[in-house]
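Contents: one structure, followed by commentary.
The values are calculated or read from the model by the stated rules, or taken from the named source; none is laboratory data. Keep in mind that what you see is a predicted model, and the values were worked out from it rather than measured. Here the Cβ positions follow ideal geometry from the backbone for every residue, glycine too, while neighbour counts run over all protein chains shown.
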C-alpha cells in the first residue's frame, strides 16, 4: 500500500480528486455567476491594467486617486433620498472635465442604476456613441471624485470592474475561469471514471461469455467487436449525443457503449488460455459447475488486468467527453473543460487573444490523461514485472 | 493475390457496411423520443404534420421504411436537408474533397515522417537521436488533438498571423484559378500540419520497435555479411519485412483518422463533412446527420478495403498462397 503512494501520478491523482471534490464548497457563489467584466485578464498578468475596484459612496462624496488605465466598466447603482422640491445632481469630476451624470427632481426616492456601456448613458453625457465611455470618463491619471448635491441621504456604489480579475481571468460572460476550472475537475473525473468502469464491466461480461461459451456466441460477439472497432466512434457519439440528450449520465452511457470492445478482447484471450490450464481441468474433474468456475476463479483471474484496463481507459473517456463538449454537444449548464474550450473557440476568445480561456482547461485535460496513463502503466508493471525491464526493447 | 483471401476481406467489409446501415437506421428511428416528434414541430397543424410524415415516408410501417431506407442509402438519394432545403447528397458531394484531402494528406505526411524517424531511431540505438524521437513520440501522441490545434491556431493565426483563422477559402474567394488553389493550400496548411504533428509520434514509436527487432534477425546479419550496402540492408531487407505490420496499423488507424478529421474541421471551420455532420446534429437535421454519418462510415470501410488489398500485395504469404492454387 505504501509503495502505491510513492508513485507521483497516484499522489497527484489523489490531490486533484480532493481539490475537485471539496474546493467547490469553499468557493463563494455559483460558477455561472458573472463576477466582472468579460475577457478580464488573470490578476497577475500585466500589473499596469486596473484590477476590479468597488467604492461605497457615503456622505454624498467620494474622492480617490486613479493611477492606471481606464477600467473595463463604469457603473453606479444605489438609492438616493431627497426632498421633492430640491434638485439632486450627481456629478463625476475628472482631472480634465466634469460630467453631470444625473439631474433628478420631484421625488423622495431615486433608484440609480447606470452602466457606462448603455447608449442612453452615452447620449446623456454627450459621449461618442461608438467607442468605450470609460476612455472619456478616465482620461488620465489623477484625482477623481463623485459628488451628490442636494440629497438628504444617499447610498451609492461605484463599481469599476477591471481588466484583471481572479486567478485566471474571466470568460466572455464575465465568469471566473478559476472557478470554472475547479468545477470542471468533477465532470472530467466523474465522466471519465464512471464511463470506463461501465465499459469495463460490459467488456468483462462479453469477454467472459465469448471466451467461456465459445462456438456461435463467441464468433457473434467477436464479429460485433470487429465491426464496432472499424467504425469511426466520434461521428456515432455525435449523433447519439444529438438525439439522445446531452446530460452528464447520458454522456457516460453513450461513451461506455462504444468503449468496451478492447476489454472484451483481452478478457476473452485470457479466458481462452486459462480455460485450457490444468487447474481448471482439475476443478472440472472435481465436479465444479461451470458457473462456479466462472464466478469463483475466472473473474478473479481477470481482475488485475481489468484494474490496469480501467486506468488506461480513463484518458480515452475523458478525451471523448472533452471532444463532444468541445463540439458543443454537451449540456450548456454542465461545466466541463471541453465546454470551456468550446466557448473559447466559438465566443471570441481568438479575436481577444484570450489565452487564459484556452490553456487552463486544455492543460488540465492533458495532465489528467497523463496521470491515468502513468497509473495504468504502473499497474501493468505490478501485474507483469517483465514489462518494467522490457521498456527499451 | 489469393482470390479466396480477397473475397473474405470483401465479405467482412460488406458485413461492416450492413452493420452501419442497420445502426444508422435504428439510431434515428427506434431511439427514445421517436423521429416523428423530433422532426415535426408540435405547433404545426395536423394536416401539415400528415404531409411531412408522408414526405419523409414516416407513415409507413417500420419494415417498409427500412427497405426504402436501404434503397436510399445504396443509391445515395438522401432527400432534402431540413435546414438548407437542398438535396443532402449535393451538399455532401461539395464537401467531400476537403475531407478526403485533409485525411489523405495528414495520413501521408504523418506516416512518412513517422516511419522515417522510426527507422533513424532504430539505426541509432542508445544515441541522443533515439531518445529524442522516443520522447517526442510519447509527448505528441498523448496530447488531445483539438487542444493542440487550438493552441496552434491561437499562436500561428492570432498572435503571429501567418495562417487564416477559419474557413476553407478566403471571403470573398479569389477569382483566378491559380489564386484559388494557392488560397486553398494556405487554408489547409495548418490543419494538415497539426494533424501530422500529432500523428507522426505513434508511427515513429511503432516502426522503431518493429525495426529494432528485425535488425537483430539472422538474415539481416547475413545481408550485411554479404557486403550489401547499408541502404539495401535497411530498406531492401529490413523495411520490406516490417511492411505488412505497418499496413495493419495503417488499417487500424483509419477510424481514428476519420474522427480526427471531424474534429479538425470544426476547429478550423473547414468546409467538410465533419462540420456538416456537426451542423446537422446541432440543428436537428436528421436526414443530413444520418447521411453524413453514413458517408463517413463508408469512407472508413472503403479505405479499410483499400489497405487490405495493399496488404495482400505486400505480404508474400497472401500473395504466394494465391499462386499455388
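Being more than 21 Å from residue A:314 (Cα to Cα), free of Cβ contacts under 8 Å to residues at least 12 places away in the same chain and either within 16 Å of the chain's Cα centre (by Cα) or in a helix (DSSP H, G or I) (or both) is the filter here; which residues of the range A:11-28 pass it? Can you show your working first?
Here is the first cut: in the range A:11-28, the ones more than 21 Å from residue A:314 (Cα to Cα) are A:22-28.
Going one step further and asking which of them are free of Cβ contacts under 8 Å to residues at least 12 places away in the same chain, we end up with A:22, A:25-26, A:28.
Selection gives A:22, A:25, A:26.
Go over the candidates B:6, B:66, B:78, B:25 one by one and state the one that is assigned to a loop (DSSP other than H, G, I, E, B) and either under 18 Å from residue B:284 (Cα atoms) or modelled with pLDDT of 80 or more (or both).
Numbers: B:6 fails: assigned to a loop (DSSP other than H, G, I, E, B); B:66 fails: assigned to a loop (DSSP other than H, G, I, E, B); B:25 fails: assigned to a loop (DSSP other than H, G, I, E, B).
Within the list B:6, B:66, B:78, B:25, the selection yields B:78.
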Checklist entry - Does residue A:229 meet the test of being within 14 Å of chain B (Cβ to nearest Cβ), touching a helix residue (DSSP H, G or I) at 6+ places or on another chain (Cβ under 6 Å), touching a residue at least 12 places away in the same chain (Cβ under 8 Å) and surrounded by fewer than 22 Cβ atoms within 10 Å (Cβ to Cβ)? => result yes
Checklist entry - Across the range B:156-174, which residue is surrounded by the fewest Cβ atoms within 10 Å (Cβ to Cβ) among those that are within 9 Å of chain A (Cβ to nearest Cβ) and farther than 14 Å from residue B:266 by Cβ? => result B:159
Next on the checklist: Exactly one of these conditions fails for residue A:342: (1) more than 26 Å from residue B:274 (Cα to Cα); (2) within 12 Å of chain B (Cβ to nearest Cβ); (3) surrounded by 21 or more Cβ atoms within 10 Å (Cβ to Cβ). Give me its number.
Outcome noted: (1)
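Test of understanding: among A:166, A:203, which residue is in contact with a helix residue (DSSP H, G or I) (Cβ under 8 Å, 6 or more places away or on another chain) and either at pLDDT 90 or above or part of a helix (DSSP H, G or I) (or both)? I'd like the intermediate steps shown before the answer.
Values: A:166 fails: either at pLDDT 90 or above or part of a helix (DSSP H, G or I) (or both).
After ruling out the rest, the residue left standing is A:203.
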Checklist entry - Looking at the range B:181-282, what helices (runs of 4 or more DSSP H) fall wholly within it and have at least 2 residues that are within 13 Å of another protein chain (Cβ to nearest Cβ)? => result B:239-267, B:273-282
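Could you grab me the full set of residues in the range A:47-82 that are loosely packed, with under 11 Cβ neighbours inside 10 Å and either modelled with pLDDT of 80 or more or over 20 Å from residue A:102 (Cα atoms) (or both)? Break it down into steps so the answer makes sense when it comes.
Let us first name the residues in the range A:47-82 that are loosely packed, with under 11 Cβ neighbours inside 10 Å, namely A:47-48, A:54, A:56, A:59, A:65, A:67.
Within the range A:47-82, A:47, A:48, A:54, A:56, A:65, A:67 meet the criteria.
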Next on the checklist: Could you check the range A:349-366 and list, in sequence order, the residues that are over 18 Å from residue B:165 (Cα atoms), in contact (Cβ under 8 Å) with a residue 40 or more places away in the chain and more than 7 Å from chain B (Cβ to nearest Cβ)?
Outcome noted: A:356, A:360, A:361, A:364
Checklist entry - Is it the case that the range A:244-258 has a residue that's at the interface with chain B (Cβ under 7 Å from one of its Cβ atoms), buried (at least 21 other Cβ atoms within 10 Å of the Cβ), in contact with a helix residue (DSSP H, G or I) (Cβ under 7 Å, 6 or more places away or on another chain) and at pLDDT below 90? => result no
Item to check | Residues (in a loop (DSSP other than H, G, I, E, B) and modelled with pLDDT of 85 or more) located in the range A:333-354 | outcome: A:333, A:334, A:335, A:336, A:347, A:354
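Inside the range A:171-180, can you point out the residues that are part of a helix (DSSP H, G or I) and surrounded by fewer than 23 Cβ atoms within 10 Å (Cβ to Cβ)? Quick ask: steps written out before the conclusion?
Filtering the range A:171-180 down to residues part of a helix (DSSP H, G or I) leaves A:177-180.
Hit for the range A:171-180 is A:178, nothing else.
Keeping to the range B:2-21, report how many residues are surrounded by 13 or more Cβ atoms within 10 Å (Cβ to Cβ) and facing chain A (nearest Cβ under 10 Å).
So the first thing to find is which residues in the range B:2-21 are surrounded by 13 or more Cβ atoms within 10 Å (Cβ to Cβ), and the list is B:2, B:5-6, B:9-10, B:12-13, B:15-17, B:19-21.
Checking which are facing chain A (nearest Cβ under 10 Å) leaves us with B:12-13, B:15-17, B:19-20.
Summing the residues that are surrounded by 13 or more Cβ atoms within 10 Å (Cβ to Cβ) and facing chain A (nearest Cβ under 10 Å) in the range B:2-21 gives 7.
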Checklist entry - Quick check: anything in the range A:370-386 away from every other protein chain (no Cβ under 12 Å), in a loop (DSSP other than H, G, I, E, B), under 23 Å from residue A:306 (Cα atoms) and without any contact (Cβ under 8 Å) to a residue 12 or more places away in the chain? => result yes
Checklist outcome for this item: Residues of the range A:91-146 being closer than 22 Å to residue A:36 by Cα, in a loop (DSSP other than H, G, I, E, B) and in contact (Cβ under 8 Å) with a residue 24 or more places away in the chain, in sequence order, are A:116, A:117, A:132, A:133, A:138, A:139
